[in-house]
Amino acid sequence: MCVIFGWDSKCMMSREWIFQMGVHTLPRKDQQPFYNVLVEDGSIRYAADGKCIHALTEFSLQGQGRIGHL
């Protein structure tokens, strides 16, 4: 689980990063929303919309307290 805390309407990373992370192999490639997410393990990642499953329920991230819901 993760929490979205920012987003870009398309991937704003470098071509090198796009190829290194395999974004060019996704159906919508870099032409889809990308989200800044706080993951439950405490890491921060940049995730493609096509790789996310959007939860509509409230949840807590371990050690982060109550986050909220949509």
| said: Quick check: with the 1.4 Å probe, what order do I53, I44 take by accessible area, largest first? | reply: I53, I44
| task | With all protein chains present, calculate the accessible area of R28 using a 1.4 Å probe and round the result to the nearest 10 Å². | result | 110
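Filter the GluC sites (Glu not before Pro) in the range 1-62 down to the DSSP loop ones having no more than 10 other Cβ atoms within 10 Å, then list what survives. Write down the numbers at each step before the final one.
Working: sites: E16, E40, E58; in loops: E40, E58.
Those that pass, being in a loop and sparsely packed, are E58.
The values are calculated or read from the model by the stated rules, or taken from the named source; none is laboratory data. Predicted, not measured: the structure shown is a model, and the values here were computed from it. Glycine also receives a Cβ, built like all others from the backbone with ideal geometry; neighbour counts cover every protein chain displayed. Note: accessible area is taken over every heavy atom of the protein model, side chains too, but ligands, DNA and RNA are not part of it. Shrake-Rupley method; radii C 1.70, N 1.55, O 1.52, S 1.80 Å.
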